[in-house]
Structures are given as C-alpha cells and as structure tokens.
1. By its C-alpha gyration tensor, with a ≥ b ≥ c as the square roots of the eigenvalues, how is the chain shaped: rounded for a/c under 1.5, else prolate for a/b larger than b/c, else oblate?
2. Classify region 4-184 as rounded, prolate or oblate, taking a ≥ b ≥ c as the square roots of the eigenvalues of its Cα gyration tensor: rounded when a/c is under 1.5, otherwise prolate if a/b is larger than b/c and oblate if not.
3. I'd like the distance separating the alpha-carbon centroids of region 92-138 and region 373-388, in whole Å.
4. Can you tell me which lysines have their Cα less than 16 Å from the Cα of K190? Leave out same-chain residues fewer than eight positions away.
5. Add +1 for every Lys or Arg and -1 for every Asp or Glu among the other residues with Cβ under 11 Å from the Cβ of E420, and state the total.
6. Under the classification rounded if a/c is under 1.5, otherwise prolate if a/b is larger than b/c and oblate if not, where does region 107-259 fall, given a ≥ b ≥ c as square roots of the Cα gyration tensor eigenvalues?
7. Could you calculate the FRET efficiency of R139 with D214 from 1/(1 + (r/R0)^6), where r is the beta carbon distance between them and R0 is 41 Å, rounded to 0.05?
8. Taking the Cα-to-Cβ direction at R234 and at D447 and moving 7 Å from each Cα, how far apart do the two end points lie in nm?
Amino acid sequence: MPTAAETAAPVAEPRLAAHERKVEEIAARVRDLVGRGEPVHIHKGGVHHVVPLPNDPRFRSRPIDVSSLREILSIDPEAKECVAEPGVTFAEVARATLAHGLLPTVVPELEGITLGGAVAGCSVESMSYRHGGFHDSCREYEVVTGDGQVRTLERDKDAALFEMVHGSYGTLAILTKLRFRLVEAKQFVKLEYRSFDTAAKFDAAMRARCAAGDYAFIDGIVHSPTEHVLCLGRFTDRAPYVSSYRWLDVFYKSTRTRKEDYLSTIDYCFRYDTECHWLTKTLPPLEWKPVRFLVGKWVLGSNNLIEWSRRLEPILGLKKRPDVVVDVFIPSKRYLDFWSWYEREFRFYPLWVIPYRIPRPYPWINRDYAQKMDDELFYDCAVYGKPNGDPIIDYSKLLEEKTHELHGIKTLISRNHYDEATFWRVYDRPNYEAAKRQLDPSNIFPDLFTKLHRVE
C-alpha cells in the first residue's frame, strides 16, 4: 500500500503502468471467455458482504479474477480527490486520506467493504443525509466491458452508462478504477445522543437536524418501542477522552446509556465493525467481557464474523430459512407508517435508521416507481439478524412486501422474493437493457434479475 506522501500527487507512472498491465490481463481473460458461451462471475477475493444462503449458485460459474486490483493510485489534497482500484477497502482509504485531513463522503461501516462493492451494490452511513451514497461522490469509472474492451465512463460525459454501473451488482461490466471526491475531516468525532420515547418525536428530531445540516453525522438506533436514540456527530480537533469499542466494550449498547462520547475518527467510521453491527448478539457470550478478552482477537470484527458465517454455511443450511439481514430504504414521509407496521408485526431490535438523501432520481429505478416514491430523503432501516424460523410467516418476504407497498427500495444482498414482473416494476428494465447492450453485448455476465433472484 502506498504511503500518504506517495499518494499525495497525480498517479505516479510506475503505479499507473502496473495498473494498466493488470487491467489488460483482465480484459484478455474476458476476451478469451467470450467465445466459450459459459456464464462467468467476478472473483474479487476477500470476504463477501452478501448474506450467505444455502446452495447459493452465484459462484458456480467460471471466475474472472480481479483480486489484484487493490491499490490506492493517488490522493490529491488540493483537488480533494482520490483515484483507486475497486478492491481497496474503505478502512485502507480512510486511513490514507485522514493523513491529509480528508475522508470519502461516505465511509460504509464495515472495514472489509470495498470501493467497488459500494458502487456495484449500495452504500450508506451517517453522512448520507448530505451526500447520498458513495457512488454519488464518484466522478469517473474505468471498466472492462463484457467483450473485453477497456472504457472510461465520466459522470458528465457518459451519464447514461455511468449511472447504471451503480446498483448493477457486477452484471454489466468489471469496475477497474474509480475517481472520487473527498471532504475535509478532523482526527476526532464528538457524539451526542438524544433519546425519545416515541417514533414521532424521533422522526421530528431527525428531520430537524437533517434540515439544519448542523452536524456532520446523523443516524439513529431504535433499542425498543420506547427507546429511540438520535446519534449526532461533529468533527473536533481535540477530545478530553477517547472511547474504544474495538475489543471489550460494545458500541451499540453505549448509545443506550451515554449522553455523549468521543471517538477517534477512524474508530467512529468503523464503530459497528467489532460486532458486525450486532451479529454477536446472536451468540450472547460474545458480548461478555471475559469471553471477548479471551477470544476477541479471533472472532470479533466483521471480517472474522463473516468468515465464521461462511464456515458455518452447512449448519445454516439446516435452518428452514436464514435470518433476515437486509437494508430497506423507506421514503421519509412514510417512515411513521413503516414504524407502526414494524412495531406491530416485526418487533426486532436494535433497528438502525440512517437518513439518506438522493441528489437526483437514480436511473436504475423505474420512472413510474420513482414518481410514487415522491421523496428525496429516505430512511435506511437496517434489519440485521431477525430470526426467521416461524413455520407460517417468512419475515424476509413480509418485509419485502411492506417495503414495496410503501414505495421503498430493498437492497438485493440477501433473499429476494419478487417475481420477474414485479422486479422490473421497481428496477428500470429499458435503462438496464440499454446499458447491457453497450457494456455487455456478449451477455457474458448474468442479468440483474437472474443473478439476484435468490429466495432459498
């Protein structure tokens, strides 16, 4: 990994030349596979931030290995811009940019999430009320198309294709390089916690703070029907103390008891990583300090916990259904409707709530559906770990249906129940197929519905 000094300049020739060689090798591999008529998938290496499902067929096709694309190519402090390969993690980028007093506009909450994953899927965090998702900060993508050509897509010049790369889940092209903007940051974050006993009060306070824009970070955690905590953060140069939630203490629990807190900026960015949100809650001893003291090094942290989930897939396969792990984006004006239903029918806590502003309607959303959404501020309601063993009710399907009823968007990282007609009433088929014809004319990658319709 280049040092901060090495990356504080335009892309150096040796790094650029090495990048171009890697990309050409990938492009040659694609060209070799085009004529075989076999399905392929992109192998990025590392952990996958999609929910493991029994008998998941996505990785049975022939792989195209892009795991070499893991370098930060440049950081320009004056232009507040970074150029990097898609396999770089946000943890690596955040540490490198903080050395220059900068951060990406959105730093997803788990250390192993990669830049490419945030573009291909979705990304959200507590600066999203201002900046939307990570994709909204990107200015340029380099891709290898489905016929093995290398193309550069610019937001201003190639908007139709550029925008469709977002949310395409590796079904249009292989992302090989990104150029994205940065924002100013400081070394510490001061957190304030405001508690409310009703969803209406919580919603009103969140709306007021989003409208005022007087905090850098805004999100919330609902601990119970009468414990709604609004989490507000500001950058600061100094901290009277610095809390750590990397080992013995549990961050999400602290929001229930504290009124304020100070974290280093890097620890704030990844405050949920140690528990992978609250995945440790599914095995209660992992939240006990003696157990964390003894085995924390080997089991805590999102990468460890996701890897253990992968190893336990055969056991997961014994369950009738996997637990519900999914984000749903609800139009903010429908949040109280959602909450009323959630409190009555779903009843799983904590619930993470993150305001997310869409700066413009995304073209991958069906135009008619977008008109029904009729909002620019959404609440990402993140459900992580709801048990789903009821013999009658499939809570994954229930949540998907409610999200659709409220004209929201469900991320596609887990089980997806939509039939094909319903799927394309949410996603824009004409725009997707137009991009497919240009970026993957040989159909070497599966289409979006085929890849992600994963019920069991």
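Only the coordinates and a few stated rules stand behind these numbers; no lab work does. Since this is a predicted model, take the numbers as computed values, not measurements. We place every Cβ from the backbone using ideal geometry, glycine too, and count neighbours over all the protein chains shown.
1. The shape class here is rounded.
2. Working: a/c = 1.72, a/b = 1.36, b/c = 1.26.
Verdict is prolate for region 4-184.
3. 19 Å
4. Reachable lysines: K259.
5. 0
6. Working: a/c = 2.31, a/b = 2.08, b/c = 1.11.
Prolate.
7. Working from the Cβ atoms, E equals 0.90.
8. Distance between the two pseudo-spin positions: 5.2 nm.
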